[in-house]
Amino acid sequence: MHHLRAWQAIPGVQIVALANRTRSRAEALAREFAVDDSRVYEDYRLLLTQERLDFVDIATAPQIHREQVLAAAEHGVHVLCQKPVATSLDMAREMIQACEVAKVRFVVNENWRWRRWYRELKARLDAGEIGTPRYARFSMHNDGVLPVAGGASPELLTRQAYTAQMPKLIVYEWGIHLVDVMRYLFGDVERVYARMSRISPLVHGEDMALVVLEFRSAVTGVIDISWGSYIPNEKRLVRGNLDPFIVEGDQGTLELDPYQDDSVILTTADHTERWSAHLAQSPAEEYQESYTQTHRHFIQCLRSGEPAENEARDNLQTFAVTLAAYASAEQRRVIAVEELYRDC
């Protein structure tokens, strides 16, 4: 839904066809987004054969990305693909190579880096407002996959039912966004250490993780996340609330605080400054806006020929860091990303 709203908001872009294995779902979306019923498909392969397309937006589960990306490349169609891009690095490399051979663009839909507050953080870090960054932490725990009183399914498992069976869960689905944001802010990661556990009986994969990232820029990054924690109501956030994030430098600190009116806080030796991250937009509008900005960047790059920030070949390091976290948790040791990423 957020993807389609984003395309609607971009001048010169038209949604011409939809594919979904559940035809009734595709037909409902077609009605909402003014797509003719004759251009609704249950089989994406038929869509690629029948339609003349400039690009496809693949918003499906990771395990079927490979076949869909390879099919798009075979038809000479540019690709924007949902994260995580694949289920293994070898598979991701195969997809990238196929698109390069076919001379089509392959971009990964990592939209968190386009959230307004991360763009602002990047600008302020680049301007040296807190000196040289040394430490960054994202920390948020919620009850996203815990059983609900009365027997109802948790919201995440209702919205994305396939996640309940995923052997890799919170880092693969959520943490990968945070890895990409930190790479956007601080550059490449050299080493990873992680611990993971599972609390909820409703999921197969981990729902709690602590990941420590050592950046080439000498920043230490910490990702502390959980979907298996009981929390008080005042700690509940909605989509589009600010992300609880802090960056400490040798001359100051920048903090995103969702619990104080979605404030951005800059603290240095001689002053503290606070302002709203949302300006005039609601959290829901902010959440949608990151999709729109990601899609707009993709279109601008298709038109100009310039490389996208989130080209699949660059995103391969984000994916490698994410998989390194799993290797670290399994082997109980620090993993050098180079071990996984030698020829990426």
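The values are calculated or read from the model by the stated rules, or taken from the named source; none is laboratory data. Computed from a prediction, not measured in an experiment: that's the story for all the values here. Positions of Cβ are backbone-derived with ideal geometry, glycine not excepted, and every protein chain shown enters the neighbour counts.
Being hydroxyl-bearing (Ser, Thr, Tyr) and either in contact (Cβ under 8 Å) with a residue 60 or more places away in the chain or crowded, with 21+ Cβ neighbours inside 10 Å (or both) is the filter; apply it to the range 164-199 and report the residue that is farthest from residue 143 (Cα to Cα). The qualifying residue farthest from residue 143 (Cα to Cα) is 184. Taking only pairs six or more apart or across chains, which ones have beta-carbon atoms under 7 Å, a first residue in the range 237-256 that is assigned to a loop (DSSP other than H, G, I, E, B) and of a type outside the set (Phe, Trp, Tyr), and a second residue that is surrounded by 19 or more Cβ atoms within 10 Å (Cβ to Cβ) and at pLDDT 95 or above? Going by the 7 Å Cβ cut-off, the qualifying pairs are 243/138; 244/138; 251/130. From 155, 120, 100, which residue is at pLDDT 95 or above, of a type in the set (Asp, Glu) and either farther than 19 Å from residue 59 by Cβ or surrounded by fewer than 21 Cβ atoms within 10 Å (Cβ to Cβ) (or both)? Answer to the check: 100. Contact map, the range 287-310: residues that are free of Cβ contacts under 8 Å to residues at least 60 places away in the same chain paired with residues that are assigned to a helix (DSSP H, G or I), Cβ distance under 7 Å, separation 6+ or inter-chain. Pairs shown: 307/301.
So which residues in the range 117-128 are touching a helix residue (DSSP H, G or I) at 6+ places or on another chain (Cβ under 9 Å) and either outside the structural domain of residue 313 (by TED's automatic domain parsing) or of a type in the set (Lys, Arg) (or both)?
Of the residues in the range 117-128, the ones touching a helix residue (DSSP H, G or I) at 6+ places or on another chain (Cβ under 9 Å) are 117-119, 121-122, 125.
Listed by number, the residues that qualify are 119, 122.
Within the range 43-72, residues that are modelled with pLDDT under 95 reach partners that are among the aromatic types (Phe, Trp, Tyr) with beta carbons closer than 8 Å, at six or more positions or on different chains, in the pairs 61/162; 62/172.
Looking only at the range 101-129, residues that are at positive phi and charged (D, E, K, R) come to 1 in all.
Residue-wise test of (1) under 21 Å from the mean Cα position of the chain (by Cα); (2) closer than 23 Å to residue 330 by Cα.
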residue	(1), (2)
91	yes, yes
97	no, no
119	yes, no
123	yes, no
143	yes, no
165	yes, yes
180	yes, yes
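Being out of contact with any helix residue (DSSP H, G or I) (no Cβ under 9 Å at 6 or more places or on another chain) and among the aliphatic types (A, V, I, L, M) holds for only one residue in 4, 53, 46, 29, and it is 46. With respect to the conditions (1) surrounded by fewer than 16 Cβ atoms within 10 Å (Cβ to Cβ); (2) in contact (Cβ under 8 Å) with a residue 60 or more places away in the chain, residue 95 falls short on a single one, namely (1). Take the conditions (1) surrounded by 20 or more Cβ atoms within 10 Å (Cβ to Cβ); (2) out of contact with any Ser or Thr (no Cβ under 6 Å at 6 or more places or on another chain); residue 75 misses just one of them, which is (1). Taking the range 208-227 as the range and being part of a loop (DSSP other than H, G, I, E, B) and over 26 Å from residue 286 (Cα atoms) as the test, the residues that pass are 216, 217, 218, 219.
Does any residue of the range 19-28 turn out to be of a type in the set (Lys, Arg) and either within 24 Å of residue 321 (Cα to Cα) or at pLDDT 95 or above (or both)? Checking the range 19-28: not a single residue is of a type in the set (Lys, Arg) and either within 24 Å of residue 321 (Cα to Cα) or at pLDDT 95 or above (or both). Sort out for me the helices (runs of 4 or more DSSP H) sitting completely within the range 267-344 that have 3 or more residues that are more than 29 Å from residue 214 (Cα to Cα). Result: 283-304.
The single condition from (1) more than 30 Å from residue 274 (Cβ to Cβ); (2) assigned to a strand (DSSP E or B) that residue 168 fails is (2).
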